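Chemist: Take this structure first; my questions come after.
The values are calculated or read from the model by the stated rules, or taken from the named source; none is laboratory data. Just so it is clear, the structure is predicted and the values come from calculations on it, not from any experiment. Note that each Cβ is placed from the backbone with ideal geometry, even for glycine, and that neighbours are counted across all protein chains shown. What goes into the accessible areas is simple: the full protein's heavy atoms, side chains included, and nothing from ligands, DNA or RNA. Shrake-Rupley method; radii C 1.70, N 1.55, O 1.52, S 1.80 Å.
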Amino acid sequence: MKRAFPIFALITAGLLSFALYQALVVAPTEQTMGDVQRIFYYHVPSAWTAFILFFTNLVASIVYLVRRNLKADAVAVVSAEVGLVFLTVNLVTGPIWARPVWGIWWTWDWRLTSTLGVWVIYVSYLMLRRFSASTQTPVLASVMGIFGAACVPFVYFSIWYFRTQHPSPVIGRGGELDPRMAHVLLINWLAFSCFAFLVCWSRYRLERVRREVEETQALEALLETRSVR
Amino acid sequence: MKYLYAAYAATWLIHIGYLSSLVARYRRLQREIEEARKK
């Protein structure tokens, strides 16, 4: 496993560079928006990656609630944290794209507002994890994770069922994306998924070490208290 | 083009910022482990 990590990191770095080249050079220029449309190749894969990580958080939260499995709890916190980073990228790149295209940075329509709502839910989830010292924290966080993941389909389908400023789906129902653009989009998504997996891997190792250190410190404190008595 | 570069730069700044926070957390843990070993 120790050798696998740097090899996978190298592959991911190569894939991200290739994806960047594809997005900036190979992908055709969109006729209406021009080059600014290339933000799409970072904006959309970031959202998809975040949603996959929130789904991972959902599964891990359910496993923890059913089996009280500590590894599942660690996976839940890791996937929520990394997912939030990707959703932040989505929320930052969106307004940067909107400004030259719509003429505004932000509008309170269904898609944008629901995405921001999900972001707030996962920020709250991580704050609960960070600042609550209760033994019930993992249980409360798991319930919150399930609630957060339940809101994700609302974000995804909001552009199907409501009139929004946000464009319609580009892939699937009503999607008319140029096949060359779709190809570059999928390469970028693959690259960001590999990157997310790599970051989760590092963060999971860190989480396991942190928990071991906390357990050792708690044990030491207990032993010190007993020796004082 | 400035919006395109701004979006790509912002993306990598966010990722690098997060990775830096992971490195800082890892170093803090290493320090705590070393201090515990000294005891």
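Chemist: From the phi of every residue in the stretch A:41-51, what ³J(HN,Hα) in whole Hz does the Karplus formula 6.51 cos²θ - 1.76 cosθ + 1.60 yield, where θ is phi - 60° and glycine or proline is x?
Modeler: Running phi through 6.51 cos²θ - 1.76 cosθ + 1.60 with θ = phi - 60° gives 6, 9, 5, 6, x, 5, 5, 4, 5, 4, 5 Hz.
Chemist: What's the total accessible area buried between chains B and A, using a 1.4 Å probe, rounded to the nearest 100 Å²?
Modeler: 2400
Chemist: Based solely on C-alpha atoms, express the radius of gyration and the Dmax of the stretch A:83-229 in angstrom.
Modeler: 21.2, 75
Chemist: Non-local amide H neighbours of A:Gly34 (under 5 Å, H modeled in plane, Pro and chain starts lacking H): which ones?
Modeler: For A:Gly34, no residues qualify.
Chemist: Across peptide B:9-17, what mean number of C-beta atoms from other chains lies inside 10 Å of a residue's C-beta?
Modeler: Partner Cβ neighbours, averaged per residue: 5.
Chemist: If a/c stays under 1.5 just call it rounded; otherwise compare a/b with b/c (prolate if a/b is bigger, oblate if not). Do that for the stretch A:18-157, with a ≥ b ≥ c from the square roots of the Cα gyration tensor eigenvalues.
Modeler: It comes out prolate by the Cα gyration axes.
Chemist: For the protein assembly as shown, with equal point scatterers placed on the C-alpha atoms only and solvent neglected, what are the log10 I(q)/I(0) values from the Debye formula at q = 0.11 1/Å, to two decimals?
Modeler: The Debye formula, applied to the Cα set alone, gives -0.69.
Chemist: Just to check I understand the Karplus step: with θ = phi - 60° and J = 6.51 cos²θ - 1.76 cosθ + 1.60, what whole-Hz values come out for the stretch A:61-73, glycine and proline as x?
Modeler: So the J values, rounded to whole Hz, are 5, 5, 4, 5, 5, 7, 10, 6, 7, 5, 5, 5, 5.
Chemist: Let me know the charge dipole size of the protein assembly as shown about its Cα centre in debye, to the nearest 20, where only the beta-carbon of Lys, Arg (+1) and Asp, Glu (-1) is charged.
Modeler: 800
Chemist: Given contacts defined as C-alpha pairs under 8 Å and at least six residues apart, what's the relative contact order of chain A, whole-number percent?
Modeler: So the answer I get is 29 percent.
Chemist: So if a site counts as exposed when it's one of the chymotrypsin sites (Phe, Trp or Tyr not before Pro), its DSSP state isn't H, G, I, E or B, and it has at most 14 other Cβ atoms within 10 Å, what's the longest stretch of chain A without one?
Modeler: A:1-104
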